[in-house]
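The values are calculated or read from the model by the stated rules, or taken from the named source; none is laboratory data. Small disclaimer: the values here were computed from a predicted structure and weren't measured. Backbone-built Cβ (ideal geometry, glycine too); neighbour counts: all protein chains shown. When the accessible area is computed, the model is the full protein with side chains, heavy atoms only, and any ligands, DNA or RNA have been set aside. Shrake-Rupley method; radii C 1.70, N 1.55, O 1.52, S 1.80 Å.
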Amino acid sequence: MASNKSLLILPGDGIGPEAMTEVRRVVDWMQDNRAVSFEVDEDLVGGASIDAHGIPITDEVVDKAQNVDAVLLGAVGGPKWDNLDFSIKPERGLLRLRKDLELYANLRPAICFDALVDASSLKPELVSGLDIMIVRELTGGVYFGEPRGIEDLGNGVRKGVNTQVYTTPEIHRVARVAFELAQKRDGRVCSSEKANVMESGVLWREEVTKIHETEFPDVELSHMYADNAAMQLVRAPKQFDVIVTDNLFGDILSDCAAMLTGSLGMLPSASLGDVDEHGRRKALYEPVHGSAPDIAGENIANPIATILSYAMALRYSFDMPGEADLVEKAVQNVLAGGMRTADIMAEGMAKVSTTVMGDAILRELDKLNG
Ligand code: NAD
């Protein structure tokens, strides 16, 4: 079958390759059972690329990433490369991808699977059925603004400076991503900033409102100061559908929301850029967790975050919501059946390996597919 869907897989380091092996099986299952075909390419990033080529990502791999529908990345890094110069560390491979592909919108879903409700630090009734999406602006704001630095003022006094900067195009493009997502979800966006004390926050609020009024009147828009959003996330998280916010507040709010759902081994993410001349939106999907060198090679890592990252790719890059639902439902059923990798193990459940978790998800896909 000729394919018009291209996927670049970059397993990376540590548990990345182990988790990605299970994803490859799900990709193969899709081809065998859903009459879709992916053109799948695999290459090196991070420490694996350093070992082979002396650099954390080659121009050739970046070029491939520029020309596929989606990139799926495992994780990068590990003690073997910790003492390298910062400019060639494994993490630079990932940073270069984000920069060269101009991935300005970071999507972090916080979904609480019923079977894991007890793993949350909040009461079960607050998180049961939780399904929210945080859209964080990723390439602007105070992490990149100039001037920045530490200045010696003399007499033992020093000054540290960072600058929060946003232009209207930067706000518009990330707002559009949030509104478009809301259209595919529950139709609600909450925009978060500190317009009460920051001019950049006033601009953010005005410009998000402008995009809403002119392009997305069908979506419901609300605004919330970021400190209140943090409180509301732990008080009543289910009130949200999509939250859109800047780089700094998004960093904090997305970590806060992630922990509502329990475990690092369960959390997928997506980073999106602009739509190119072929109508393709640049996209990188990856689990939130790192390469977990402490458990690498032992076949005990949880592959679910990486498998759910592939499900996000199905939903947002390949426009295959039915197949994305299927993968998510299979994961949900396997957890409900009592299988757990070590990181999410609980009393009375069955502890299984990475491979056995993959087997179980494939079996569940078979069942769901009838
Ligand atoms: P980590 O996320 O790799 O691990 C934190 C803890 O969670 C560890 O105890 C690990 O065993 C556990 N864990 C993480 N994912 C798991 C999974 N899927 N299943 C079971 N347990 C899991 O973070 P860290 O230890 O701070 O960093 C380790 C390395 O990963 C470092 O080199 C760091 O730079 C790198 N890192 C990479 C990324 C990325 O590639 N995006 C992100 C974070 C850290």
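Would it be correct to say that D152 is in the same structural domain as E193 (by TED's automatic domain parsing) and either away from the ligand (no atom under 16 Å from the Cβ) or in a strand (DSSP E or B) (or both)?
Working: in the same structural domain as E193 (by TED's automatic domain parsing): yes; either away from the ligand (no atom under 16 Å from the Cβ) or in a strand (DSSP E or B) (or both): yes.
Answer is yes for this residue.
Kindly indicate which of F86, F144 is within 16 Å of the ligand (Cβ to nearest atom) and either β-branched (V, I, T) or open to solvent by 20 Å² or more (accessible area, probe 1.4 Å) (or both).
Exactly one of F86, F144 is within 16 Å of the ligand (Cβ to nearest atom) and either β-branched (V, I, T) or open to solvent by 20 Å² or more (accessible area, probe 1.4 Å) (or both), namely F86.
Take segment 98-137 and flag every residue that is assigned to a loop (DSSP other than H, G, I, E, B) and touching a strand residue (DSSP E or B) at 6+ places or on another chain (Cβ under 7 Å). Walk me through it before giving the result.
Residues of segment 98-137 that are assigned to a loop (DSSP other than H, G, I, E, B), as a first pass: 101-104, 112-113, 120-123, 128-130.
Within segment 98-137, L101, E102, L103, Y104, L130 meet the criteria.
Which condition number in (1) assigned to a helix (DSSP H, G or I); (2) more than 16 Å from the ligand (Cβ to nearest atom); (3) of a type outside the set (S, T, N, Q) is the one that L95 fails?
(2)
So which residues in segment 162-172 are closer than 15 Å to E213 by Cα and open to solvent by 10 Å² or more (accessible area, probe 1.4 Å)?
Selection gives H172 alone.
Here is a check on your reading of the model: is L73 touching a helix residue (DSSP H, G or I) at 6+ places or on another chain (Cβ under 8 Å) and not basic (K, R)? Quick ask: steps written out before the conclusion?
On the way: touching a helix residue (DSSP H, G or I) at 6+ places or on another chain (Cβ under 8 Å): yes; not basic (K, R): yes.
Spelling it out, L73 is indeed touching a helix residue (DSSP H, G or I) at 6+ places or on another chain (Cβ under 8 Å) and not basic (K, R).
What do you reckon, is S263 of a type outside the set (A, V, I, L, M, F, W, C) and at pLDDT 90 or above?
When the stated conditions are applied, S263 does not pass them.
Any residue in segment 222-234 that is part of a strand (DSSP E or B) sitting within a Cβ distance under 9 Å of a residue that is of a type in the set (K, R)? List the pairs, counting only those 6 or more apart or interchain.
Listed pairs, sorted by first residue: S222/R188; H223/R205; Y225/K194.
Could you please let me know if E180 is over 19 Å from the mean Cα position of the chain (by Cα) and part of a helix (DSSP H, G or I)? Quick ask: steps written out before the conclusion?
Numbers: over 19 Å from the mean Cα position of the chain (by Cα): no; part of a helix (DSSP H, G or I): yes.
No: the conditions fail for E180.
Return yes when I50 is within 15 Å of the ligand (Cβ to nearest atom), of a type outside the set (S, T, N, Q) and more than 30 Å from C256 (Cα to Cα) and no when it is not.
So I50 fits the description; yes.
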